[in-house]
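Step one of this worksheet: look at the structure below.
The values are calculated or read from the model by the stated rules, or taken from the named source; none is laboratory data. Given the structure is predicted, the values throughout are model-derived calculations rather than measurements. Note that each Cβ is placed from the backbone with ideal geometry, even for glycine, and that neighbours are counted across all protein chains shown.
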Amino acid sequence: MRFDILTLFPQMFEGPMKESILGRAINQGLIEVHTHNIRDWGLGRHKQVDDYPYGGGAGMVFRPEAVFGAIEEGLGVKLGSAEEPAPPPDFPILLMSPQGQVFDQAMAQELAAYPRLALVCGHYEGLDERIVQHAITREVSIGDFVLTGGELAAMVIVDAVARLVPEVLAEESPGEESHTRPLLEYPHYTRPATFRGWGVPEILVSGHHGKVADWRFKEALRRTIKRRPDLLVKLELQLDKKERKLLEQVLGEEESQGHS
């Protein structure tokens with residue numbers, strides 16, 4: 001799988017991409033990570049990539065020329081124009097944005113199915129909206145907080161997606177991890193069997209694989225109920241009559257817009 005990262009700070013990815021599982025996966029040819037410096041497509045002698053926002057306000061805004069250039073020339077994607085629209089790209093182009101859909105394990109699994117993935121790291125006050133509308137396929141957030149730039153978010157997504165690529169991890173590992181299902185992972189133990197008076201649950205050393213599996217599932221349930229009860233509760237169970245009716249209205253409106 002190939003990852004293309006569009007950023008003003010490509011050097012930030014040099015260390016993380018060379019270490020641990022990602023580093024091994026790159027060395028084995030299982031994944032590729034390519035960084036593209038957006039400033040290479042900046043304007044003028046100083047390679048300007050930002051400007052003041054129309055209408056006034058604090059902060060600077062990414063100009064469209066640099067990001068469009070990085071996507072078209074750096075990624076080989078034709079974006080078109082208002083007069084000559086272009087077909088959508090063959091792979092997702094994600095914008096790291098606090099306004100985006102919150103990244104989770106389900107999205108990681110979805111993205112891992114693509115042979116290629118591009119991630120655009122924003123900075124400043126934001127990006128010109130024409131970039132978002134005509135060059136980006138999806139905005140993605142890693143949580144309800146704001147970072148100084150999209151680089152750290154991009155690293156998180158690359159890590160989460162890359163480990164789902166076949167052969168990057170042991171075959172059985174991803175399926176049992178937290179959030180693969182709406183369930184946290186069970187507790188783990190290793191040697192020694194007794195440490196400072198604390199022991200290991202006897203069932204884990206019993207050799208009875210069926211009972212071990214049952215114990216792990218029960219402990220996973222217990223941990224989820226205590227730490228993340230929201231994972232076990234569907235939204236519909238929390239809605240009163242009025243809220244349910246409003247939800248149905250919104251779903252109807254979205255459906256009608258999707259067919260329009």
Worksheet item: What about Leu169, is it over 17 Å from Ile38 (Cβ atoms) and not assigned by TED's automatic domain parsing to the domain that holds Pro53?
Response: yes
Fill in: Considering residues of region 60-92 that are in contact with a Pro (Cβ under 9 Å, 6 or more places away or on another chain) and among the aliphatic types (A, V, I, L, M) only, the residue surrounded by the fewest Cβ atoms within 10 Å (Cβ to Cβ)
Met60
